Amino acid sequence: MPPRRLLLSACLLALSLAPTRAAGQPPVKVERQPLEAQVKRVTDTLELLGAPLPAADREALTAAFGEKDAAGAVAAIQKILDPHCLAHVRIGGKGKLTTRAGAARPALAEQGWRVFLVKVHNAAGLDRVELKPASPNALPMFYRSTGKPDPRVMSVGEAGKRFLDLMMYNGQPLLRHLAGLEVEYRVLQVYCRDAGRKDAELGFVLFRDGDKKAAASSNLVSHVIDSAPAVLVRLRVHDHDGAPVMAAFTFRDSQGRVYPSLSRRLAPDFGFHPQIYRKDGEAVALQPGTYTVSWTRGPEYLVERRNITVPAKATHSESFRLTRWVFPRAKGWYSGDHHIHAAGCAHYESPTEGVAPEDMMRHVLGEDLNVGVCLSWGPCWYHQKRYFEPKTNQQAHYPVHPLSTPTHLLRYDVEVSGFPSSHCGHICLLRLKEQDYPKSKIIDDWPSWDLPIFKWAREQGGVIGFAHSGWGLDVGPTKELPNYIVPPMSGIGANEYIVDVTHDLCDFISTVDTPAIWELNIWYHTLNCGYRCRVSGETDFPCIYGERVGLGRSYVQLPGKLTFEDWAEGIKQGRCYVSDGKSHLLDFTVNGLGVGLKGSELRLEKAGTVRLKANVAALLEAAPTAATEAIRKAPWNARPYWDLERCRLGDSRRVLVEVVVNGKAVAQKEIDADGKEREVSFDVPIAASSWVALRILGSSHTNPVFVLVGDQAIRASKKSAQWCLQAVERCWTQKWPRIRAEERPAAQAAYDHARRAYRRIAEECAAE
């Protein structure tokens with residue numbers, strides 16, 4: 001005897017083949033020729049969707065089309081198609097809609113789509129309107145985050161009642177809108193999340209111009225549905241070395257539809273991207289059929305694809321092997337994304353306030369992100385902050401979430417966003433011991449500008465920097481670096497950085513998730529003034545980027561095992577490079593001094609030449625495609641802001657590695673972006689104290705090594721110092737109105753300190 005799931009599936013499938021509810025309605029009068037043309041489009045659509053009419057019905061339609069009597073043909077067509085209709089919709093006077101049940105048996109499929117016809121009796125003759133299905137069982141599974149309390153609180157139990165996804169097929173060869181015929185047939189696709197017997201309601205709505213209701217919604221008709229169970233497809237997932245592992249999978253059918261359906265997902269599967277994450281031995285539920293599967297594990301792995309056929313069995317197994325093209329961790333470089341969220345933006349606040357650590361850890365593992373830092377912030381702050389684990393004197397290292405592994409850490413810290421100081425720039429507070437600002441009970445108690453927060457975080461050993469740095473630093477479409485356009489300083493990026501860096505309180509500014517020119521320009525100018533802030537890479541998942549965690553990464557070199565304390569310290573010391581993960585600048589040294597070591601400071605007695613070395617790897621597709629060309633030709637201020645495709649040289653597979661000295665590219669070499677690691681070296685003259693870095697502009701960038709000549713401070717550019725002074729003035733005009741009156745004198749003093757600092761540096765710079 002076959003397993004119970006298979007037996008039930010077979011029985012339900014057999015029942016769905018023949019309607020059991022009689023149509024029982026006389027045919028509607030309609031002109032023959034337009035009805036026949038519309039029905040032919042419908043039958044072609046059913047073929048396209050893989051749900052053709054039974055052969056006997058197709059033969060009967062052919063015979064009906066050949067009848068000489070027009071009225072007889074019209075009646076015969078309706079008699080053949082009505083038994084396949086799940087619903088009959090009548091459009092009466094003033095567009096009033098009435099729905100009644102059709103004759104088709106509502107046999108559905110767990111995690112699968114079924115196709116039905118809907119008969120539309122358009123007595124009012126409405127045209128240019130679109131028919132859409134409606135059901136309380138197809139309402140949203142969740143409510144997206146609003147950043148503030150939302151009255152539409154939905155329980156997990158209520159989400160359980162929302163098991164349907166409904167979609168009218170309106171693509172070719174069908175017309176999107178009703179044609180005004182007295183009768184026409186539409187194609188309804190129904191997805192069911194669950195297996196078994198359920199009660200569901202179905203109604204319809206008319207829309208004009210996409211989203212304008214053309215009439216009141218129809219009544220709802222109840223259906224008792226039977227949903228055939230899916231096949232449990234067990235996934236065997238192994239890393240490049242054969243170890244069992246978590247990976248990202250995307251399943252699509254021949255129509256390009258994604259499984260599980262995005263609209264019916266709750267965590268751990270997120271409804272705002274197509275992939276799901278499964279580890280070795282876990283399963284996905286699929287209906288029998290053929291699917292295209294893609295799998296990967298973050299940018300250090302190839303994206304691989306193949307077709308699979310799921311048989312009509314209770315269970316099935318498929319094996320997948322991952323292929324690495326680069327392995328930074330094997331050389332001691334640990335990737336991390338210090339700016340991801342478990343609440344807010346694309347996440348939901350109902351039925352739960354964001355998602356749990358178990359869900360975020362699945363994504364960290366599935367993207368092979370060695371460190372994932374969930375930052376609790378304004379949305380769902382009071383719920384999410386409970387996952388923070390403070391460091392105690394008894395602990396040797398800063399605690400990470402218990403789900404962490406020796407090579408993949410999950411840590412909870414804070415982003416100051418949705419707080420009173422947010423207008424000055426959002427702040428990433430990493431490696432905190434305490435997450436609540438002193439004497440604050442609610443968010444509104446925090447300071448209204450950022451320097452007090454920097455001081456408090458520094459006192460407890462935190463690593464502090466600005467998030468999504470480019471916002472407010474818009475310098476237009478220019479590609480020049482550095483450039484001397486003073487940005488508006490009116491956003492939530494590294495705006496007050498221009499002040500805080502003079503107080504030696506900002507450890508890093510973030511890159512990769514805003515336009516590269518905007519981020520790097522302010523950083524280059526402050527480095528030219530002798531300040532030593534570093535850069536890190538981030539994604540701001542799922543706010544700026546919701547595709548996956550780790551689209552922006554910091555690769556930190558660690559001498560021993562991975563700990564969060566050492567990884568965060570590597571960010572602070574600049575012992576890292578930033579990347580989109582598609583190019584890598586490993587082992588960067590200047591005269592043998594590795595970045596981030598000994599303060600990244602190399603001393604020369606006099607001007608001379610230094611030797612730069614690095615191991616560089618990058619991977620592009622062998623030839624441009626339409627998709628890659630769209631990225632390469634997009635303006636710098638369009639997403640994706642950092643992507644190796646932006647760096648492709650013409651139609652080749654080559655990219656440019658540049659040496660940057662004091663913000664200017666002074667040497668360059670082309671390399672093949674074929675995934676192979678290559679050593680590159682440069683001999684670079686240094687005339688005066690300078691900072692030196694490597695970049696593949698728009699994909700990766702090292703932190704600098706500071707080369708001091710004759711113990712002189714770096715004073716690379718008077719124009720940079722003057723730009724910084726202008727930026728301070730612009731920033732003050734933007735920020736002071738929103739700083740509390742009682743805090744304004746301290747803020748004024750901090751800005752005055754920055755003004756004096758940049759004036760002094762400008763005086764110390766050579767004329768330029």
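The values are calculated or read from the model by the stated rules, or taken from the named source; none is laboratory data. The shown structure was predicted, so the numbers you read here are calculated from the model rather than taken from an experiment. Every residue, glycine as well, gets a Cβ built from its backbone with ideal geometry; the counts of neighbours run over all protein chains shown. The accessibility values were calculated without ligands, DNA or RNA, using every heavy atom of the protein model including side chains. Shrake-Rupley method; radii C 1.70, N 1.55, O 1.52, S 1.80 Å.
Before moving on, here are some points about what is shown:
- Residue count, the stretch 347-368 (criterion: more than 13 Å from the chain's Cα centre (by Cα), under 30 Å from His240 (Cβ atoms) and either in a loop (DSSP other than H, G, I, E, B) or of a type in the set (Lys, Arg) (or both)): 4
- Matching residues in the stretch 87-108 - criterion: being open to solvent by less than 20 Å² (accessible area, probe 1.4 Å), within 24 Å of Arg208 (Cβ to Cβ), part of a strand (DSSP E or B) and not β-branched (Val, Ile, Thr): Ala87, His88, Leu97
- Every condition in (1) open to solvent by less than 30 Å² (accessible area, probe 1.4 Å); (2) farther than 29 Å from Arg329 by Cα; (3) not β-branched (Val, Ile, Thr) holds for Ala247 except the one numbered (2).
- For the stretch 645-702, the tally of residues that are of a type in the set (Ser, Thr, Tyr), surrounded by 14 or more Cβ atoms within 10 Å (Cβ to Cβ) and under 30 Å from Lys606 (Cα atoms) stands at 3.
- Enumeration of residues in the stretch 734-768 that are open to solvent by 40 Å² or more (accessible area, probe 1.4 Å) and touching a residue at least 24 places away in the same chain (Cβ under 8 Å): Gln734, Arg738, Arg740, Ala746, His753, Arg759, Glu764, Ala766, Ala767, Glu768
- Taking the stretch 394-451 as the range and being closer than 30 Å to Ala330 by Cα, of a type in the set (A, V, I, L, M) and open to solvent by 60 Å² or more (accessible area, probe 1.4 Å) as the test, the residues that pass are Ala396, Leu403.
Quick grid of which residues meet (1) under 18 Å from Val118 (Cβ atoms); (2) surrounded by fewer than 13 Cβ atoms within 10 Å (Cβ to Cβ); (3) at pLDDT 95 or above:
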position	(1), (2), (3)
Leu6	no, no, no
Pro19	yes, no, no
Ala23	yes, no, no
Val30	yes, no, no
Lys40	yes, no, yes
Leu48	yes, no, no
Lys68	no, yes, no
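- Selected residue [assigned to a loop (DSSP other than H, G, I, E, B) and either touching a helix residue (DSSP H, G or I) at 6+ places or on another chain (Cβ under 6 Å) or open to solvent by less than 10 Å² (accessible area, probe 1.4 Å) (or both)] from Gly344, Gly378: Gly344
- Single residue of Gln255, Gln275 found to be out of contact with any helix residue (DSSP H, G or I) (no Cβ under 7 Å at 6 or more places or on another chain), among the polar types (S, T, N, Q) and surrounded by fewer than 16 Cβ atoms within 10 Å (Cβ to Cβ): Gln255
- Of the set (1) at pLDDT 95 or above; (2) over 19 Å from Gly550 (Cα atoms); (3) open to solvent by less than 40 Å² (accessible area, probe 1.4 Å), all apply to Tyr641 but (2).
- Restricting attention to the stretch 695-754, the residues being in a loop (DSSP other than H, G, I, E, B) and not β-branched (Val, Ile, Thr) number 13.
- Single unsatisfied condition, Leu527 versus (1) buried (at least 24 other Cβ atoms within 10 Å of the Cβ); (2) aliphatic (A, V, I, L, M); (3) in a loop (DSSP other than H, G, I, E, B): (3)
- Selection of first residues in the stretch 425-454 that are over 28 Å from Gly570 (Cβ atoms) and of second residues that are basic (Lys, Arg), restricted to Cβ pairs under 7 Å at least 6 apart or on distinct chains, gives the following pairs, ordered by first then second residue: Asp445/Lys439; Ser448/Arg738; Ser448/Arg740; Trp449/Lys735.
- Residue ID - nearest to Val660 (Cα to Cα), chosen from residues in the stretch 559-581 that are in contact with a strand residue (DSSP E or B) (Cβ under 6 Å, 6 or more places away or on another chain) and surrounded by fewer than 24 Cβ atoms within 10 Å (Cβ to Cβ): Lys572
- Residue in the stretch 599-622 that is of a type in the set (S, T, N, Q) and crowded, with 18+ Cβ neighbours inside 10 Å present: yes
- Residues within the stretch 447-497 that are assigned to a helix (DSSP H, G or I) and either of a type in the set (D, E, K, R) or under 19 Å from Glu729 (Cβ atoms) (or both), tallied: 5
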